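First comes the structure, then the notes that go with it.
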Amino acid sequence: MIKQFSIDERLYTAMHKCTRCGQCTYGNEEADFSLLCPMQIKGKFFTYSAGGVMQLARALYEGKIAFSESVRDILYLCTTCGACEVNCGVIESQVDLFTLIKKELVKNGIPLLEPHKMLAENILTKKSPYGGRLPGRHEWLPKERSEKMSSQAEIFYFVGCVSSYMETEIPNAFSSVLEKLGISFTVSDEEWCCGAPLYFSGNEEKVPEIAKHNVDIIENSGASTVVLTCPTCTMMFKKYYPKWLKRELNFEVLHSTEFLEELLRNGKLKLDTVAGDKTVTYHDPCHLGRGLEIYDPPRRILSHIKGIQFKELSISRENSFCCGGGGLLPTGFPEFSDDLARARISEIKGMGAKLLVSACPACKENLKIAAKKLKLGAKVIDIAEMVNEAII
Ligand code: SF4
Ligand code: SF4
């Protein structure tokens, strides 16, 4: 038996336990067992699924196949949506297991896809996947608001790269909510990309340094709570940073929807209504929903906005369908990423919903572009923007 890689015990167990049943690609009964796995949608064969990847890992381990660009291209079709994790009753943490195989691909000299290589270089050298081609990290922040910020604030707002550079309405709206509520907060120019793109591309060894840097700047600021509007950054702080740093963080980590829901619960945040059509639906971001099990806070926030007529998408919560924005898909396979976004946003056709709310900058970006291309006449908006509009 030729061992081509230093097998991790978790992966070894998983690849032997996988029964090849294929259930990981489908949603549950509530979703009418719809096909949810983007990788499977693209590849159609069993290999293009979590179970299939377990069999690939086994074949690699047993020396029946070699690490190759073909193996890489299968793995990078995974959006890290986590549908397999909630639908497989046999093994768990599939997405983390995939990163172990991606790590081995890198170690075995299989080059990253060119756009992923650039992304990784940008993160390592410029601390952002967008590199130096964009303006400064906090140029979205209005000067008057920036002048009122206190470096001693209790709340540290970790903005994240997509919000800082692309979907700047989100941090603008969220910081405006904080300002209107008189909550003192701070942001830092020292913020680095959370490292998720490096982790999900198989470069895990480079991420602990990033985790340490981001945790240090927050702990040194003295803030007791870090609030994030990006689910992927939130997942890094909640699930991965403590693991990489081998310790608990000295601050609380909350996604904006958890933070805003708490303010509603204790009566500090009061919402009225929003202008225009109030038929609203909500798209569960994969890393917020399946990744962190945060399903109810965004729905409860929406329920406080007067006049809202809320309609669930046909597949939602743990059965939600990926927007195509995860797992480096938009950089590696932009057309497929776009196909997934179109499929997801098309669901609102016939529902009468004119407003699709989400709670993730990457979801907003992908779904917004798809809605425009499909001429759906629907607006895609982040929940922070809704709250900013409805706040009394
Ligand atoms: S990963 Fe789980 S659900 Fe998928 S084929 Fe293997 S055992 Fe079945
Ligand atoms: S994380 Fe999503 S895309 Fe990746 S294998 Fe699982 S279900 Fe498929």
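Rule-based calculations on the coordinates, nothing more; no lab input. None of the values given here were measured: they were computed from a predicted structure. All Cβ positions, even for glycine, are placed from backbone atoms using ideal geometry, and neighbour counts span all protein chains on display.
Taking the Cα centre of the range 254-392 as origin, work out the dipole magnitude from +1 charges on Lys and Arg Cβ and -1 charges on Asp and Glu Cβ, in debye rounded to 20.
Magnitude of the dipole: close to 460 debye.
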Item to complete: Name the most mobile residue of 245, 356, 119, meaning the one with the largest mean-square fluctuation, in a Gaussian network model of the chain with Cα contacts below 10 Å.
Response: 245
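Please get the size of the charge dipole for the chain, origin at its Cα centre, with Cβ charges of +1 on Lys and Arg and -1 on Asp and Glu, quoted in debye to the nearest 20.
Its charge dipole is roughly 660 debye.
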Worksheet item: Exactly which chymotrypsin sites (Phe, Trp or Tyr not before Pro) in the range 16-94 are in a DSSP loop and have at most 16 other Cβ atoms within 10 Å?
Response: 33, 45, 46
Discussion item. In the range 9-107, if the dipole is taken from +1 on Lys/Arg beta carbons and -1 on Asp/Glu beta carbons about the Cα centre, which of 89, 56, 24 is farthest to the positive end?
Written reply: 56
Worksheet, complete the sentence: Rounded to the nearest 5, the percent of DSSP beta bridges in the chain running antiparallel is 10
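Restricting to Cα atoms and excluding each atom paired with itself, what does the Kirkwood estimate give for the range 1-116 in Å?
Kirkwood hydrodynamic radius for the range 1-116: 14.3 Å.
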Fill in: Pairs beyond 31 Å (Cα-Cα), from 148/364; 143/243; 270/379; 180/306; 180/278; 143/349
143/243; 143/349
Response to the item:
Extend 7 Å from the Cα of residue 189 along its Cα-to-C-beta direction; within the range 222-242, residues with backbone N under 19 Å of that point are 222
Worksheet, complete the sentence: With the 8 Å Cα cutoff and a minimum separation of six or more residues, the chain has a relative contact order in percent of 16
Worksheet item: Suppose every K and R has +1 on its Cβ and every D and E has -1 on its Cβ; what is the size of the dipole of the range 134-265 about the Cα centre, in Debye to the nearest 20?
Response: 220
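Helix-only mean residue ellipticity at 222 nm, the chain, DSSP H runs n ≥ 4 weighted -39,500 (n - 2.57), per residue, nearest 500. What is it?
About -12500 deg cm²/dmol.
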Worksheet item: Counting only complete DSSP H runs, which helices of the chain cover 15 Å or more along their long axis at the Cα atoms and score a mean Kyte-Doolittle of -0.5 or above?
Response: 50-61, 94-107, 169-180, 207-221
Worksheet entry | the chain, Cα convex hull volume normalised per residue, Å³ | 136
Practice prompt. Counting other Cβ atoms within 10 Å, keep those with at most 16, restrict to DSSP loop, and tell me which GluC sites (Glu not before Pro) in the range 174-275 are left.
Written response: 190, 248
Worksheet item: What does the range 279-390 give for Rg and for Dmax, in Å, if only its C-alpha atoms count?
Response: 13.1, 41
